[in-house]
Each structure stands twice: as C-alpha cells, then as structure tokens.
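Visitor: Could you have a look at this structure, given as structure tokens, before my questions?
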Amino acid sequence: MPQPSDSQEYFERVRGLALTLPGAAEKRVVGHVAFYTRKVFAYLGMSYKADGVIVREPCALAVLLPEEERAALLHEGRAHVPMYIGPYGWIGLELDAATDWEEIAELIEESYRQTAGKRLIQELDRR
C-alpha cells in the first residue's frame, strides 16, 4: 500500500504530465483532482469495487481510452473499472513504485486526445 508521501509524489508526476498538454488545467470534481480542457481527461483517486468491496485508492489514475486499448488493459489485469465513470469508458490504474511512467504519459495523452478539441490536438501534434 502506498504511503502518503508516495501519493503526493505520484500526484505531482501525473500533474506534470497532464499540465504540459495544450490548454490543460486542473480542478476538483466531487472531491477528486481532475485534469481537463473542455472535458476532463484524467482523474486521480477514483474509487472502484474489488470483490464487492469499495476500494478508495488515492494513488489511482483514471483515463478515457478507445475501447480496444481499454479492453486490452482490463484483460491484462493491470486496470480496473472506476465507480461511477467506468460505464462511460474510463479505466483506472494504480500508481506505485513499479509504474511505467512512459506508459502513463502515453495513456494520459491518449485520454486527452479523446476529449480535447481539434485545435488543441493540432497544437499537440505540432510539438
């Protein structure tokens, strides 16, 4: 289980990745940190159910991915379906010492591409 200092470190890493995307900003949504442009593209700390028990994991990242990527991560067992937003295509990943931060950066960018406007995506592609 991650320690509180881990939670802050992971939060700062996710924040650094998310806020480098064009037009990205941060806000709180129902008690969770969310990164957005016109729509939210990443949440931190979304709860999920495991074996009928609600798990409140502060070190979990929720992203919105295309169905095939979402299905692959769920099939591999590396992701979970967050409560409330999961039925809308979101998946969650726990962040820990073994986290592949290059993969997290790619997933955040893919989620951003699912929600950002065309102008912002074009700006990202020009970088």
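Visitor: Scan around M83 for amide H atoms under 5 Å from its own, H built in the peptide plane at 1.01 Å from N, and keep only partners 5 or more places away or cross-chain.
Guide: Here the answer is S47, Y48, K49, since their amide H atoms fall under 5 Å of that of M83.
Visitor: Using only helices, what value at 222 nm comes out for the chain when you add -39,500 (n - 2.57) per DSSP H run of length 4 or more and divide by the total residues, to the nearest 500 deg cm²/dmol? The partial results should precede the final answer.
Guide: Numbers: 4 runs with 49 residues, N = 127.
After summing the helix terms and dividing by the residues of the chain, the value is -12000 deg cm²/dmol.
Visitor: Would you mind working out the magnitude of the charge dipole of the chain relative to its Cα centre, with +1 at each Lys and Arg C-beta and -1 at each Asp and Glu C-beta, to the nearest 20 Debye? If you can, show how the numbers build up before the last one.
Guide: Numbers: 15 positive and 20 negative charges, 166 e Å.
Here the size comes out at about 800 debye.
Visitor: Follow-up. Taking every pair of alpha-carbon atoms in segment 67-112, what share in percent sits in each 5 Å bin, from 0 to the bin with the longest distance?
Guide: Going out from 0 Å in 5 Å bins, segment 67-112 shows 5, 20, 30, 31, 12, 2 percent.
Visitor: Would you kindly derive the ³J(HN,Hα) couplings of segment 82-89 from the backbone phi angles with the Karplus curve 6.51 cos²θ - 1.76 cosθ + 1.60 (θ = phi - 60°), listing them in order in whole Hz, with x for Gly and Pro?
Guide: Once rounded to whole Hz, the list reads x, 5, 6, 9, x, x, 9, x.
Visitor: Starting with the highest mean, order 64-70, 38-44 by the number of other Cβ atoms within 10 Å, averaged over the residues of each peptide.
Guide: Ranking the peptides 64-70, 38-44 by packing returns 38-44, 64-70.
Every number in this text was worked out from the coordinates using simple rules, so none of it is lab data. Owing to the predicted nature of the structure, the values given are computational and were not obtained by experimental measurement. Heads up, the Cβs are rebuilt from the backbone with ideal geometry, glycines too, and the neighbour counts pull from every protein chain shown.
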